[in-house]
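The values are calculated or read from the model by the stated rules, or taken from the named source; none is laboratory data. For clarity, every value in this text was computed on a predicted model and none was experimentally measured. Quick reminder, even Gly has a Cβ in these numbers, built from the backbone with ideal geometry, and neighbours come from all protein chains shown.
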Amino acid sequence: MNSTLENNKRTAEIFMVIAELYKPPTREFWNELKDENLLKTIRKGYADIFKREASSLLESEPSSFEQICSMYAKTISDGEAKAALPVESLYKPWTQDETCTLPFSKSEGYLQGDSALHIRYLIEIFQIEIPLEYAGMPDHLSILLELLAYFIEHAQDDFTAQFLADHFDWLEEYEKKLAEVSNHPFYPCITKFLIEMLDSQRSAYK
């Protein structure tokens with residue numbers, strides 16, 4: 001296989017693993033995470049592909065399925081009022097439309113903003129289905145990462161580079177929010193690793 005295609009495939013696989021980490025934990029994925037040492041695998045994959053070391057992930061690894069479920073519920077779940085929900089619209093002004101007269105149009109903290117509309121447009125154009133639970137927040141980080149993985153393998157580089165520029169520029173703010181609400185380093189460490197990998201992917205398109 002062409003080395004570029006192979007690297008794209010491996011990069012997409014890593015982003016797919018990270019996407020799973022922001023979803024509600026399942027026993028099946030937890031078993032895979034532990035049995036296949038996925039955190040070690042994705043960190044090594046990053047180093048192999050981009051020829052640089054990434055932040056360590058293993059020190060932050062949860063010790064049990066029950067622990068990761070508890071951390072998810074308290075840290076990034078939509079069922080917890082103070083959680084850092086990983087949805088792009090929440091961290092950007094609701095719309096850039098200057099003609100919008102809604103009182104919250106330039107405020108942050110609202111779902112279904114411009115980014116959500118753009119993602120809904122893309123999934124319609126590419127005929128991609130997303131789970132019903134994400135219908136009200138199509139710009140959830142897990143969906144963004146799954147789309148990125150798809151585009152890395154199937155879209156032109158300039159399209160993917162633009163998608164990166166459009167939809168991942170809020171993660172530094174999200175990382176700060178996570179630091180405020182987390183009582184365990186797992187999600188902050190995963191997010192730091194993700195930001196590093198996204199930066200490396202951007203550089204690959206320059």
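Taking the conditions (1) outside any helix (DSSP H, G or I); (2) among the acidic types (Asp, Glu); (3) within 27 Å of GLU61 (Cα to Cα) in turn, GLU173 satisfies each one other than (1).
For segment 148-160, a residue qualifies if it is part of a helix (DSSP H, G or I) and out of contact with any helix residue (DSSP H, G or I) (no Cβ under 7 Å at 6 or more places or on another chain), and the qualifying residues are TYR150, HIS154, ASP157, ASP158. Selection of segment 180-195 for residues being more than 14 Å from the chain's Cα centre (by Cα), part of a helix (DSSP H, G or I) and not aromatic (Phe, Trp, Tyr) yields GLU180, VAL181.
Regarding segment 135-147, can at least one residue be identified that is of a type in the set (Asp, Glu), assigned to a helix (DSSP H, G or I), touching a residue at least 60 places away in the same chain (Cβ under 8 Å) and surrounded by fewer than 17 Cβ atoms within 10 Å (Cβ to Cβ)? Looking for residues that are of a type in the set (Asp, Glu), assigned to a helix (DSSP H, G or I), touching a residue at least 60 places away in the same chain (Cβ under 8 Å) and surrounded by fewer than 17 Cβ atoms within 10 Å (Cβ to Cβ), one finds none in segment 135-147, hence no.
Looking only at residues of segment 29-52 that are among the polar types (S, T, N, Q) and either on the phi < 0 side of the Ramachandran plot or in contact with a helix residue (DSSP H, G or I) (Cβ under 8 Å, 6 or more places away or on another chain) (or both), we find that the one that is surrounded by the fewest Cβ atoms within 10 Å (Cβ to Cβ) is ASN31.
In segment 50-67, the residues that are within 14 Å of LYS192 (Cβ to Cβ) form Cβ pairs under 6 Å with partners that are small (Gly, Ala, Ser) and in a helix (DSSP H, G or I), at six or more places apart or across chains, as follows: GLU53/ALA47. Does ASN8 fit the bill of being over 15 Å from the mean Cα position of the chain (by Cα) and crowded, with 17+ Cβ neighbours inside 10 Å? So ASN8 fits the description; yes. Taking ALA149 as the residue in question, decide whether it is of a type outside the set (Val, Ile, Thr) and within 15 Å of the chain's Cα centre (by Cα). Considered against the rule, which asks whether it is of a type outside the set (Val, Ile, Thr) and within 15 Å of the chain's Cα centre (by Cα), ALA149 comes out as yes.
Do the conditions hold for THR160, that is, is it under 20 Å from TYR72 (Cβ atoms) and at pLDDT 95 or above? It is false that THR160 is under 20 Å from TYR72 (Cβ atoms) and at pLDDT 95 or above.
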